[in-house]
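Single-structure report; data block below.
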Amino acid sequence: MSLNTILILGAPGSGKGTQAKFIADQYGYKHLSSGDILRKTASEDTEIGRSIASIIAAGELVPDELINKMFLNSFKNLEGEKIICDGYPRKLSQAEFLADNSFVFDAVIYLNVSLEEVTDRISGRLTAKLSGETYHVKHRPPKVDGVCDVSGEKLIIREDDKPETVKKRYSVYLKETQPLLEFYGKKSVVIEIDSEQSMDIVWKEIEKEVFKKK
Ligand code: AMP
């Protein structure tokens, strides 16, 4: 079966963004990251930008009205292309909205990881705003301290990667996003990957389990 539409699900810090980027680069998928799209809007000096920025900084989810139609439109514009969705849908009401509009995922990759591991990963995470690359002070340091290997830009700590917000985001994930596993589980499209392992091993598992690479 050909996999045209893939959703990657997991707690903050599970490696969704990194693995989605690998899938996009190696298998020709278009990477749609709701977090990246919302952070871009949040950086604009507009009323909606400021409102989204404060929601993200608090670790809450932005309202469905702001995101549902936007994503459905992107999906319609990309019809026929292979897409990997990272971060949307993120709660039951969003998944139901897509289903009601006849949008289906061919596969859902679930990156399973513990709170301890997530806390360790996020507490050392460094992000490059322009290139979208992420690093970790211990597990994936950049070649030059504080500088992105790809773009040369200065690395930052995301506002919502601060410890208090990470806890909040994890609890929002458990309450709002975990129920999607049951929703998509019923449609038998969920592929679970143990994401407690290193980035390279997780990628190998995804290639084996999802893309059936020998
Ligand atoms: P992420 O980079 O995926 O962790 O997303 C960063 C933040 O963007 C989240 O903590 C939410 O505030 C917001 N966000 C991303 N995707 C969604 C979504 N599907 N629904 C609501 N808020 C979202």
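The values are calculated or read from the model by the stated rules, or taken from the named source; none is laboratory data. As the structure is a prediction and not an experimental result, all values here were calculated from the model. All Cβ positions, glycine included, derive from the backbone under ideal geometry; neighbour counts span all protein chains shown. What goes into the accessible areas is simple: the full protein's heavy atoms, side chains included, and nothing from ligands, DNA or RNA. Shrake-Rupley method; radii C 1.70, N 1.55, O 1.52, S 1.80 Å.
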Checklist outcome for this item: For Glu133, the residues 5 or more places away or on another chain with a placed amide H closer than 5 Å to its own amide H are Ala128
Checklist outcome for this item: With the 1.4 Å probe rolled over protein heavy atoms, the range 90-214 has an accessible area per residue in Å² of 58 Å²
Checklist entry - Kirkwood Rh over Cα pairs of the range 66-151 into Stokes-Einstein at 37 °C, 0.692 mPa s: D in µm²/s? => result 206 µm²/s
Checklist outcome for this item: the chain, Gaussian network, Cα under 10 Å: of Leu98, Leu174, Leu126, the residue fluctuating most is Leu174
Next on the checklist: What's the magnitude of the charge dipole for the range 133-214 around its Cα centre, counting Lys and Arg as +1 and Asp and Glu as -1 at the beta-carbon? Answer in Debye, nearest 20.
Outcome noted: 200 debye
Checklist outcome for this item: Between the modelled labels at Ile156 and Phe183 (7 Å from Cα along Cα→Cβ) the distance in nm is 3.0 nm
Checklist entry - If the cut-off is 18 Å between C-alpha atoms, which lysines fall inside it for Lys186, apart from same-chain ones fewer than 8 positions away? => result Lys91
Checklist outcome for this item: Once Lys and Arg are counted +1 and Asp and Glu -1 for all other residues with Cβ under 15 Å from that of Arg90, the total becomes -3
Next on the checklist: Compute a Gaussian network model of the chain, connecting alpha carbons closer than 10 Å, and tell me which residue from Leu78, Leu38, Leu61 fluctuates the most.
Outcome noted: Leu78
Checklist outcome for this item: Across 10 Å bins beginning at 0, the whole-percent shares of Cα-Cα pair distances in the chain come to 8, 34, 40, 17, 1, 0
Checklist entry - In a Debye calculation with equal point scatterers on the alpha-carbon sites of the range 104-214 and no solvent, what is log10 I(q)/I(0) at q = 0.11, 0.17, 0.22 Å⁻¹? => result -0.46, -1.01, -1.23
Checklist entry - Relative to the compact globular guide of 2.2 N^0.38 Å, what is the alpha carbon radius of gyration of the range 131-192, as a ratio? => result 1.59
Checklist entry - Which of the aspartates and glutamates could a cross-linker span from Lys214 if the Cα-Cα distance has to be under 12 Å and same-chain partners fewer than 8 positions apart are dropped? => result Glu205
Item to check | Positive minus negative residues near Pro141 (Lys, Arg vs Asp, Glu; Cβ under 14 Å) | outcome: +2
Next on the checklist: Using a Gaussian network model on the chain with a 10 Å cutoff between Cα atoms, which of Ile84, Ile48, Ile193 fluctuates the most?
Outcome noted: Ile48
Next on the checklist: Rg over Rh of the range 1-98, using C-alpha atoms and the Kirkwood radius, what does it come to?
Outcome noted: 0.97
Next on the checklist: Could you tell me how far the Cα centroid of the range 17-37 sits from the Cα centroid of the range 115-170, in Å?
Outcome noted: 17 Å
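Filter the chymotrypsin sites (Phe, Trp or Tyr not before Pro) in the range 1-38 down to the DSSP loop ones having no more than 12 other Cβ atoms within 10 Å, then list what survives.
Working: sites: Phe22, Tyr27, Tyr29; in loops: Tyr29.
The qualifying sites: there are none.
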